[in-house]
1. Based on the alpha-carbon gyration tensor of the stretch 32-109 and its eigenvalue square roots a ≥ b ≥ c, which shape applies: rounded if a/c is under 1.5, prolate if not and a/b is larger than b/c, or oblate?
2. When only C-alpha pairs under 8 Å and at least 6 residues apart count, what is the relative contact order of the stretch 102-170, in percent?
3. Quote the Stokes-Einstein diffusion coefficient, in whole µm² s⁻¹, for the chain, based on the Kirkwood radius over alpha carbon pairs, a temperature of 37 °C and a viscosity of 0.692 mPa s.
4. Check cross-link reach from Lys193 to the lysines: straight Cα distance under 24 Å, and skip same-chain residues fewer than eight apart.
5. So what is the relative contact order for the stretch 58-128, in percent, with contacts set as C-alpha pairs under 8 Å and at least six apart?
6. For the peptides 86-95, 113-122, 192-201, what is the packing order when you average, over each peptide's residues, the other Cβ atoms within 10 Å and list the highest mean first?
7. Given Cα positions, please report Rg to Rh for the stretch 123-202, the hydrodynamic radius being the Kirkwood one.
8. List the lysines whose Cα lies under 24 Å from the Cα of Lys65, skipping any in the same chain that are fewer than 8 positions away.
Amino acid sequence: MEDEVGMRLYAVKTGVVKAGDNLVEVILESLTEQNLELEDNDILAITSKIIGYAENRLMKLEEVKPSDKAKELAQQFSLKPEFAELILREAEKIYGGVEKAVLTLKNGILTANAGIDNKNAPVDSVVLWPNNAQKWAKHIREEIMRKTGRQVAVLIVDSGLVPIRIGTTGLALAVAGFKPVKDCRGEKDIFRKPLIITQHAIADDLASAAHLLMGEGAQKTPVVLIKDAPVDFDGGVYGSADMTMPSKECIFMNTFGCQ
């Protein structure tokens with residue numbers, strides 16, 4: 001890891017991605033159109049939405065038949081019954097919620113509505129999380145390296161929440177090419193005291209930086225090129241299991257008894 005960091009981020013605009021589009025070609029063409037050149041150890045942060053589109057994870061609500069359980073969930077949290085049905089299908093666990101949002105566990109990640117989003121989806125449609133973000137990160141990295149010869153890394157990004165804080169931040173769903181977490185335990189602080197429990201969520205920090213440029217509306221910037229990031233590059237591929245901890249070790253989950 002470099003001692004001095006001058007990280008730079010560039011928002012990359014694309015057209016609307018459609019089912020079956022070749023994402024690597026879309027990304028490389030968009031970079032060329034904006035005169036952005038890939039270099040070794042660059043990171044491409046990519047929103048999960050365009051992966052969902054390319055994977056055809058777009059669902060029309062009119063094609064979803066809600067169950068009785070979905071209707072109860074919808075009434076409880078002011079949701080469309082069809083949307084509630086998709087939450088039931090996608091979530092591993094449901095803990096509760098507030099109006100318009102249900103707290104769920106999806107792929108081991110605590111998230112709202114099992115990651116299902118109606119933002120930047122056609123009217124009366126929603127986008128689901130990719131089936132395998134880790135596989136996509138690996139595929140995109142390998143294809144870009146094959147086509148360009150550049151040793152790049154890939155970060156799949158979605159919106160996340162922090163308890164009590166207002167608004168969304170960036171959340172890393174998968175990483176290929178750098179270590180997503182830095183274990184700082186055993187290091188010393190400025191007063192030479194050892195760090196006991198601190199681990200640094202590198203991938204989530206980068207996801208938040210990229211999320212700031214991606215936006216949550218009609219920006220059409222689903223890709224962010226990150227240069228000179230302070231990360232440990234490697235050949236690894238990492239998913240949610242590599243960035244989450246057991247519920248009993250989580251300060252929030254353990255405190256509120258969410259197992």
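1. Values: a/c = 3.28, a/b = 2.28, b/c = 1.44.
Prolate.
2. Working: 60 pairs, mean separation 12.0, N = 69.
The value is 17 percent.
3. Details: Rh = 19.4 Å.
Using the Kirkwood radius from Cα pairs, D works out to 169 µm²/s.
4. Reachable lysines: Lys182.
5. Details: 117 pairs, mean separation 20.7, N = 71.
Relative contact order comes out at 29 percent.
6. Details: 86-95: 16.7, 113-122: 19.2, 192-201: 10.9.
Ranked from most to least packed, the peptides come out as 113-122, 86-95, 192-201.
7. Working: Rg = 17.5 Å, Rh = 15.7 Å.
Radius of gyration relative to Kirkwood radius: 1.12.
8. Output for Lys65: Lys49, Lys80, Lys93, Lys100, Lys106, Lys119.
All of the numbers you see were taken from the coordinates with simple rules; none came from a lab. The structure presented is a predicted model; accordingly, all values stated were derived computationally and were not measured. Reconstructed Cβ throughout: ideal geometry from the backbone, glycine too, with neighbour counts over all protein chains shown.
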